[in-house]
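The values are calculated or read from the model by the stated rules, or taken from the named source; none is laboratory data. Note that this is a predicted model, so its numbers are computed, not measured. Neighbour counts are summed over all protein chains in view; Cβ atoms, including those assigned to glycine, are modelled from backbone coordinates with ideal geometry. Please note that ligands, DNA and RNA were not included when accessible areas were found on the heavy atoms of the full protein model with its side chains. Shrake-Rupley method; radii C 1.70, N 1.55, O 1.52, S 1.80 Å.
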Amino acid sequence: MYEINEKLRALTAYVPVDAAGCVRLDANESFLSLPKEIIDEAKLAMEDLDFNRYPDPAAAKLCRAFAACYNVDPGHVAAANGSDELISIIFSGFLMRGEAFATLEPDFSMYAQGGHLAEARHTAVTKPGWAIDVDQVIETCNRENVRLLIFSNPCNPTSLVLRKEQVRRLVRGVKGLVVLDEAYMDFSGESLLGEEADFDNLIILRTCSKAMGMAALRLGFAVAGPKLINAIRAAKSPYNVNSLSQALGTAVLRRPELLREALEQILISRKALLSGLAETGAKYPGRFILLPGETNFAALDMEDAGEIQKKLLERGVAVRYTGGLLRVTCGAPEENRAFLTKFGEILEETE
Ligand SMILES: *Cc1c(COP(=O)(O)O)cnc(C)c1O
């Protein structure tokens with residue numbers, strides 16, 4: 001009888017919140033779809049697409065559009081089928097079996113999965129009071145001979161951001177590779193983009209799934225100096241980004257003014273959600289602590305976060321319970337209001 005090996009038996013498939021018919025504030029997506037102008041452009045691009053041909057393996061136009069949008073050297077950019085794919089490429093390529101990788105917990109769950117499949121040794125550093133302690137991380141990584149440190153900044157799920165100077169100190173301080181996942185950096189201002197070549201051990205990851213509203217297209221980017229970016233290009237599968245996503249992503253990235261407008265709407269939504277939560281917090285003191293985040297979601301530290309998540313889902317509002325926190329994505333104005341109303345009701349009833 002065929003037996004699946006131990007490392008695969010230890011894994012279970014990622015299960016998103018079952019949120020059919022609910023207000024969806026669980027996956028940190030944008031609540032805005034792409035503007036109509038872009039959809040019209042996409043339709044034209046589709047008519048010209050060579051569906052019978054493989055896509056451009058370098059995704060050159062897409063990488064150039066990304067580079068122009070973020071003011072980085074296009075020679076430092078590689079594209080992938082979502083940053084999830086980059087995480088998987090990096091773990092399988094940059095780690096040898098038995099080598100150590102570190103995560104700063106709580107953080108994005110795909111990191112541990114990537115390390116597990118690479119048969120690497122996991123050093124999980126617990127963040128004291130949810131925030132990164134740079135000295136602790138440097139000390140632990142170098143003591144444990146960590147070959148790869150990966151963390152998100154701003155962090156999913158804590159929403160907290162580490163300031164640039166601290167990130168630089170961290171990258172300089174550790175001997176291994178640092179993978180800096182800036183999935184939410186459009187909502188903050190502490191990016192190290194543009195500095196990637198100043199370090200020989202830094203890879204920055206970005207995604208089009210959050211601020212840019214293209215989660216469906218699966219587009220992620222790695223940004224690093226030539227040596228590291230060439231290694232990623234060599235390790236990825238050649239046709240990893242399909243032609244339709246390349247064309248649509250290029251069209252969107254060439255319109256930074258539309259992206260800025262969308263971003264402004266998300267920031268307005270964040271302000272409304274956070275101020276609503278601050279009011280709720282004042283009404284029910286001691287029930288939760290709202291972490292001071294710079295993302296498109298709110299992170300609530302509360303004892304009964306798991307219970308509250310279930311109760312919200314029963315009332316048609318999907319949020320995420322992860323890393324010990326209640327994570328609530330900024331939604332459309334009526335979605336934020338629906339969440340705040342249900343959340344307030346539940347706090348009232350469970351007082
Ligand atoms: C959502 C998310 C990603 C995944 O991005 P994709 O490009 O959609 O694969 C990566 N990292 C973090 C921290 C995220 O929250």
Open item on the list: Let me spell it out: the conditions are (1) surrounded by 20 or more Cβ atoms within 10 Å (Cβ to Cβ); (2) over 28 Å from Met185 (Cα atoms), and Val328 meets all of them except one. Which number is the exception?
Closed with: (2)
Open item on the list: Just checking, does segment 53-61 include any residue being in contact with a helix residue (DSSP H, G or I) (Cβ under 9 Å, 6 or more places away or on another chain), at pLDDT below 95, open to solvent by less than 70 Å² (accessible area, probe 1.4 Å) and not small (Gly, Ala, Ser)?
Closed with: no
Open item on the list: Taking the criterion of being under 30 Å from Arg320 (Cα atoms) and in contact (Cβ under 8 Å) with a residue 12 or more places away in the chain, would at least one residue in segment 35-46 satisfy it?
Closed with: yes
- [ ] Would you mention how many residues in segment 131-172 are open to solvent by less than 10 Å² (accessible area, probe 1.4 Å), closer than 16 Å to Ser191 by Cα and more than 16 Å from the ligand (Cβ to nearest atom)?
- [x] 2
- [ ] Sort through Glu351, Glu345, Glu335 and tell me the only one that's within 24 Å of the chain's Cα centre (by Cα) and either open to solvent by less than 40 Å² (accessible area, probe 1.4 Å) or in contact (Cβ under 8 Å) with a residue 12 or more places away in the chain (or both).
- [x] Glu335
Task: Residue ranges of strands (runs of 3 or more DSSP E) in segment 63-130 with at least 3 members free of Cβ contacts under 8 Å to residues at least 24 places away in the same chain and open to solvent by 40 Å² or more (accessible area, probe 1.4 Å) - done: 121-126
Open item on the list: Residues that are within 24 Å of Gly331 (Cα to Cα) and free of Cβ contacts under 8 Å to residues at least 24 places away in the same chain: does segment 207-225 have at least one?
Closed with: yes
TODO: Please give the strands (runs of 3 or more DSSP E) falling wholly within segment 278-337 in which 1 or more residues are within 28 Å of Arg163 (Cβ to Cβ) and of a type in the set (Gly, Ala, Ser).
DONE: 297-301
Open item on the list: Could you go through segment 103-116 and let me know if any residue there is farther than 20 Å from Ser237 by Cβ and either more than 16 Å from the ligand (Cβ to nearest atom) or in the same structural domain as Asn28 (by TED's automatic domain parsing) (or both).
Closed with: yes
Task: Those residues of segment 1-30 which are touching a strand residue (DSSP E or B) at 6+ places or on another chain (Cβ under 8 Å) and not acidic (Asp, Glu), in sequence order - done: Val17, Ala19, Cys22, Val23, Arg24, Leu25, Ala27, Asn28
Open item on the list: Considering only residues that are more than 13 Å from the ligand (Cβ to nearest atom) and either assigned to a strand (DSSP E or B) or in contact with a helix residue (DSSP H, G or I) (Cβ under 6 Å, 6 or more places away or on another chain) (or both), which ones fall in segment 178-191?
Closed with: Val178, Glu190, Ser191
- [ ] Kindly check whether there is at least one residue in segment 212-228 that is among the basic types (Lys, Arg), open to solvent by 30 Å² or more (accessible area, probe 1.4 Å) and modelled with pLDDT of 95 or more.
- [x] yes
Task: Output for segment 196-211, where each listed residue is near the ligand (Cβ under 7 Å from one of its atoms) and surrounded by fewer than 23 Cβ atoms within 10 Å (Cβ to Cβ) - done: Ser209
